[in-house]
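Quick notes on the structure that follows.
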Amino acid sequence: SSSHRNRRRVTRISALSALAAFATLAMTTSALAQTTPKQCEQSYDLAQRDHAAHKHLAARDEARACTAFECNAAISAECMKLYELIQSELPSLVFSAHDPDGKELFDVQVTLDGKPALANLDGSAFELDPGIHTVRFEAKNQPPVETTLAARIGDHNRLVDVTIGQPKPKPAAPPPVAPAPISPPSVEKHSGPPAVAYVLAGGGVVALGIFGYLQLRAHGDYNDLVDTCKPTRTCDPASVDAVRSKVQLSYIPLGIGIAAIGTAVTLFALPHHEGSTSGGADVALTTTSSGAGARLRMRF
């Protein structure tokens, strides 16, 4: 019947499908068995060449590939040694950024040699090949920051920290205050003694001269009177009074001379400032019943 024929057809198709799957699996297994040793050798060779060329990332991947259990035990052992050497030499960097105030930034993208490296700064280490590299940091609404560095063999977890953002402008400093002008110390100009000092000095000398003259005259009259009175031993009272008056009058110019010269000496000794009008001296002569006197008034 038709149902019986359909069952036989399905059974035949299933058998053919199973046979085809078995054949495919057998061919794949046979191919793997032929290519795996060669791939291991190729990976080992590439790992050595990349390591010598300082392509440590690629060399590490190749060295890991030839450590598979399908590889020859000798090659696998050499690949393991090479892998450990590469891992110890592979440099790594830890990127960090902060703003001008020292606040740490996290939402920063890092580009290494023009290729994306990190989407944000999370403190993890980033492995890279040894050599010169350009690192670019980009934060939102801030100008990017680039730095060039040398990744050294065996330099693990090296910190690369940058400042992102412009510092806040400092408040303008107040204008400098000009120092107050320093006036030079006043120098008093000294002038010579006033003219009255010279007048007094001259007058004093004249007065002393008059005193000397009067004294000489009085002594001369006295000597004449003594000679006249010797024979009689009596002198005319009028003549004696005249001689006595001359002696007394001679003391008037003496007092005036002493006062004038003393005042002049004082004026010469005192400091005199140019333009000063406060100083001065007045001399007044007075007569008394017993002679004469002098009055001196000085202003400073």
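The values are calculated or read from the model by the stated rules, or taken from the named source; none is laboratory data. Fair warning: this is a prediction, and the values are worked out from it, not measured in the lab. Glycine also receives a Cβ, built like all others from the backbone with ideal geometry; neighbour counts cover every protein chain displayed. With ligands, DNA and RNA removed, areas are computed over all heavy atoms of the protein, side chains included. Shrake-Rupley method; radii C 1.70, N 1.55, O 1.52, S 1.80 Å.
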**OP:** Run the accessible area of segment 29-170 with a 1.4 Å probe and give the carbon-and-sulfur part as a rounded percent.
**Re:** 52 percent
Original post:
What number in nm² do you get for segment 96-136 if you take the convex hull of its Cα atoms and divide its surface by four?
Top reply: 3.3 nm²
Original post:
Along the principal axes of its C-alpha atoms, what lengths does segment 113-165 span, in descending order and rounded to whole Å?
Top reply: 36, 21, 19
Original post:
What is the sum of charges around LYS38, taking Lys and Arg as +1, Asp and Glu as -1, for the other residues whose C-beta is under 12 Å from the C-beta of LYS38?
Top reply: -3
